[in-house]
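Shown next, in structure tokens, is the structure this report addresses.
The values are calculated or read from the model by the stated rules, or taken from the named source; none is laboratory data. Source: prediction; values computed, not measured. Neighbour counts are summed over all protein chains in view; Cβ atoms, including those assigned to glycine, are modelled from backbone coordinates with ideal geometry.
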Amino acid sequence: MNEEQRKSTSINILAERDKKEKAKNRDFEHVYQPPSLREARKRGKAEVQYNNDFQINERYRNMGRGRTFMIKTYGCQMNAHDTEVMAGILSALGYEPTSDVNAADVILINTCAIRENAENKVFSEIGNLKHLKRERPEVLLGVCGCMSQEESVVNKILKSFQNVDMIFGTHNIHRLPEILEEAYLSKAMVVEVWSKEGDVIENLPKVREGNIKAWVNIMYGCDKFCTYCIVPFTRGKERSRKPEDIIQEVRELAREGYQEVTLLGQNVNSYGKDIKGLNYGLGDLLADISKIDIPRVRFTTSHPWDFTDRMIEVIAEGGNIVPHIHLPVQSGNNAVLKIMGRKYTRESYLDLVSRIKAQIPDVVLTTDIIVGYPNESEDQFRETLTLYDEVGFEHAYTYIYSQRDGTPAAKMKDNVPQDVKKDRLQRLNRKVAAYSGEAMKPYEGEVVSVLCEGTSKKDDEVLAGYTEKNKLVNFRAPRSAIGKIVDVRIDEAHQFSLNGTYLGEHSRAVVSQ
Ligand code: SAH
Ligand code: SF4
Ligand code: F3S
């Protein structure tokens, strides 16, 4: 046993002892099921079970009568959609939504574990809510989402945030009624986090945010285990929903008048691979969904590794699948890609990009990039910059590498100082802004079709929406334009948005951009 292993074993023993000590000191006759990242890493062979009979027990039906709830959501679209499910369950229990935290009877914080700063925001938010519990002890405060899946987070909450009443994870959202009941009855913090995924549950209630755009899960979990990433631990193994259930959901959304759906998964390109005997992938699903009468279909996120020609073919056919592909590259250097465990090279990524561009000439490509990976050299970073030039991404989400305990990268030694990482991020961001600005310019004078989503964040008098290619457009128009696809002539291009003049509801004669 080397020094490092010895240290980590003794820390584990201490943590175990600490946990037992805490368990003795608290009233644990109620639920105490903490998570384990080590368990979460394992991938069982058992086939996924599908549950189409989910029902909320009748005895909980009045639990929320006369009470209100509020959910604060951090993180990705997956979390945003989980919030819609929790809102659905709470509404089915009789709770009413409120946006006033001081009035809410149940407050849930749906957390993200992807980077340290995401976690810090959540801890300060929980801290900020301490006064609420003092003033209104009957309020229930719950922490859920990806952070709940980490034992270090659960331990920190147990130790420092006694104002939290319940912690539950990403795999047992459907048990919210039972967890709430426990929390109402128990004096102790209710901790119910499953380390392993359960069944795919189909008919959970949902209250969607808005009636214009909808998220549709096509699969859960991730088996890619990129060495920096916590998601395979917090979201469990890849589990695809059945094609017929997804198609049914999209049809229903089309009937209800939704204008856009986004198909969601951590790596949607793996769709279908986990269902035995199913010879049906994302390309096939996109082809089937393109037959549904819904104006826009997006999908996210695609791992470059298993992006198939069939997918390119279906997107190239046009129709309602928008020509915007978000294709996270993470780095432009082969050695870094290798230690990240991304399983593609700079060359194979560029080859995929050329195939996509050849078949979908008007495609917009965007990406995610991590700078300052452990031991990333200046030359390696420069290869990320040159790759950016070669592809000509129209936008990118950029991040400084953040160490996540439990992931393989957390054990790597890192010789890159933080100020070097910050400098690289700034240099990259300047490039991102320049390319975004360049991509906006040609729109001046053009007519684009915009799905109008509501008022602009900055000005209540201005409406805003996105083009098919995901460009933000601001314009003045009657409120009746909200929820519709409208034509806007672009007058002015900014770096990350466009300003234009409203021309009226979209007429199909205008070629959409
Ligand atoms: N499933 C998606 C990514 C989800 S996380 C995919 O594979 O494309 C979104 C982005 O966060 C990632 O693409 C990556 O760029 C970034 N990210 C993930 N883990 C990170 C970490 N530990 N530090 C910094 N950025 C990270
Ligand atoms: Fe994380 Fe990689 Fe899975 Fe994306 S594909 S969620 S980056 S492990
Ligand atoms: Fe964050 Fe979990 Fe999404 S870690 S990015 S909320 S899957």
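Assorted remarks:
- Some residue of segment 387-408 being part of a helix (DSSP H, G or I) and closer than 30 Å to Arg41 by Cα: yes
- Test for Ala433: is it exposed (fewer than 15 other Cβ atoms within 10 Å of the Cβ) and closer than 30 Å to Thr384 by Cα: yes
- Among helices (runs of 4 or more DSSP H) entirely within segment 144-255, having at least 2 residues that are among the aromatic types (Phe, Trp, Tyr), assigned by TED's automatic domain parsing to the domain that holds Asn269 and within 15 Å of ligand 1 (Cβ to nearest atom) singles out no element at all.
- Qualifying residue in segment 105-116 (condition: within 16 Å of ligand 2 (Cβ to nearest atom), surrounded by fewer than 16 Cβ atoms within 10 Å (Cβ to Cβ) and charged (D, E, K, R)): yes
- Some residue of segment 368-383 being surrounded by fewer than 20 Cβ atoms within 10 Å (Cβ to Cβ) and of a type in the set (Ser, Thr, Tyr): yes
- If you go through segment 290-307 and keep only what is of a type in the set (Val, Ile, Thr) and either more than 10 Å from ligand 2 (Cβ to nearest atom) or over 30 Å from Phe225 (Cα atoms) (or both), you end up with Ile292, Ile294, Val297, Thr300.
- Elements of type helices (runs of 4 or more DSSP H) in segment 48-139, at least 2 residues being free of Cβ contacts under 8 Å to residues at least 12 places away in the same chain: 116-128, 130-135
- Considering segment 169-209, the residues that are of a type in the set (S, T, N, Q) and touching a residue at least 60 places away in the same chain (Cβ under 8 Å) include one that is surrounded by the fewest Cβ atoms within 10 Å (Cβ to Cβ), namely Asn203.
- Scanning segment 323-374 for residues that are under 30 Å from Glu260 (Cβ atoms), assigned to a strand (DSSP E or B) and either at pLDDT below 95 or within 16 Å of ligand 2 (Cβ to nearest atom) (or both) returns Ile325, His326, Gln330, Thr366, Thr367, Asp368, Ile369, Ile370.
- Near pairs, Cβ below 8 angstrom, 6+ apart or cross-chain, from segment 416-433 (touching a residue at least 40 places away in the same chain (Cβ under 8 Å)) to any residue that is surrounded by fewer than 19 Cβ atoms within 10 Å (Cβ to Cβ) and assigned to a helix (DSSP H, G or I): Arg427/Leu385; Leu428/Leu385; Lys431/Leu385; Lys431/Asp389
- Flag for Leu263 being over 30 Å from Ala410 (Cα atoms) and within 16 Å of ligand 3 (Cβ to nearest atom): yes
- Residue, farthest from ligand 1 (Cβ to nearest atom), within segment 279-314, restricted to residues that are polar (S, T, N, Q) and touching a strand residue (DSSP E or B) at 6+ places or on another chain (Cβ under 7 Å): Ser290
- Scanning segment 269-304 for residues that are under 19 Å from the mean Cα position of the chain (by Cα), in a loop (DSSP other than H, G, I, E, B) and of a type outside the set (Phe, Trp, Tyr) yields a total of 3.
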